[in-house]
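Participant: Just dropping this structure here.
Computed from the coordinates by the stated procedures, all read-outs in this text should not be read as laboratory data. As the structure is a computational prediction, the values presented were derived from the model and not from experiment. Heads up, the Cβs are rebuilt from the backbone with ideal geometry, glycines too, and the neighbour counts pull from every protein chain shown.
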Amino acid sequence: MKNSPTIQNALRYNSFVLGIHNYFNRATHVNPEFSRLAYEIKAFLYNRLRSVGKYGHPINPNSTYKKFYSTGFKTFKIATVYLFPIGNVKTVNAMNFSPTLSLFTEEGRKKIYDKLKPNIKSEISELMKATLPNRTVEYMDNRISRFSMKMGKCEITGWDLTAYEVHCHHYIPKNLGGTDKFNNLRILHKDIHRLVHRKDKEKIASEIQKFGFNHSTIKKLNQYRMECGL
């Protein structure tokens, strides 16, 4: 980061820190150990980054930062990105196997299904690694914030999405005056995003039948298409 203080390098650093926190946060003494680690490398980080970043408490960090970390820890701001503080991690209780998980009861099957849903933290981590060279910093940042706010669900169908399935749609298209602001972005499943922009009526009818949309979903889909002039 010292040699190349870019947004991409700052996001790579954040992905690594979030990854090791998620891996080790089941340990009972994770906070004292990471606090010690943060103390030992504090001078090293400060000397390396003070010439390329601003050190202090985060001021209005994005929603992803606020979701995982406290603003009470000082950190560096590199190219508009606040670095995740290494020492700010808490123990998470590792729950034992639940006897209610069962294939033979409705309640048990529901719990098993819920466990198979994508993990929001890991999917956000994957989205942070994405490179979209033609997109603005504002778009990339707001895309992650929107995904986090919607708990990883498609805003038309309500499906749970993995990072691979995510498309970020401009509700008002850029060619019609839309912007990359948070309130103009929508998180959609990639197939639904393509359906929003389709013009072939036969393909549209075929896909609506394939997905088994009900009346309210079709109505919502049409609202999106109308904003696109379709």
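Participant: What size of dipole, in debye to the nearest 20, comes out for the stretch 116-227 about its Cα centre when the only charges are +1 on Lys and Arg C-beta atoms and -1 on Asp and Glu C-beta atoms?
Facilitator: That gives the stretch 116-227 a dipole magnitude of about 200 debye.
Participant: Which residue, chosen from PHE68, SER102, GLN209, occupies the Cα position most advanced towards the positive end of the dipole of the chain, where the dipole is computed from +1 (Lys, Arg) and -1 (Asp, Glu) charges on Cβ about the Cα centre?
Facilitator: Selected residue: PHE68.
Participant: Now, a different point. Roughly how many debye, to the nearest 20, is the charge dipole of the stretch 7-82 about its Cα centre, given +1 on each Lys and Arg Cβ, -1 on each Asp and Glu Cβ, and no other charges?
Facilitator: Charge dipole, the stretch 7-82, about its Cα centre: 180 debye, nearest 20.
Participant: Which whole number in µm²/s is D for the stretch 25-73 by Stokes-Einstein, with the Kirkwood Rh taken over Cα pairs at 4 °C and 1.567 mPa s?
Facilitator: Once the numbers are plugged in, D ends up at 101 µm²/s.
Participant: If I model a spin label as a point 7 Å beyond the Cα along the Cα-Cβ vector, how far apart are those points for ARG48 and ASN31 in nm?
Facilitator: Placing both labels 7 Å along Cα→Cβ, they lie 2.7 nm apart.
Participant: Something else about it: Let's see if you can work this out: charge +1 on each Lys and Arg Cβ, -1 on each Asp and Glu Cβ, no other charges. What is the dipole magnitude of the chain about its Cα centre, in debye to the nearest 20?
Facilitator: In debye, rounded to 20, the chain gives about 400.
Participant: Let me ask something else. Please compute the alpha carbon radius of gyration of the stretch 139-211, then divide it by the globular-protein estimate 2.2 N^0.38 Å. Two decimals is fine.
Facilitator: So the stretch 139-211 has a normalised radius of gyration of 1.13.
Participant: Output the peptides 215-225, 7-17 sorted from most to least packed, where packing is the average of other Cβ atoms within 10 Å over each peptide's residues.
Facilitator: 7-17, 215-225
Participant: Tell me, what is the percent relative contact order of the stretch 116-227, built from C-alpha pairs under 8 Å that lie six or more residues apart?
Facilitator: With pairs under 8 Å counted, the relative contact order is 25 percent.
Participant: Taking semi-axes √(5λ) of the Cα gyration tensor in Å as the quantity of interest, determine which of [x] 37, 27, 12; [y] 28, 19, 18; [z] 33, 24, 18 was computed from the displayed structure.
Facilitator: Answer label, from the structure shown: [x].
Participant: A further question on this structure: What number comes out for the charge environment of ASN25, summing +1 per Lys or Arg and -1 per Asp or Glu over other residues with Cβ under 15 Å away?
Facilitator: Its environment carries a net charge of +3.
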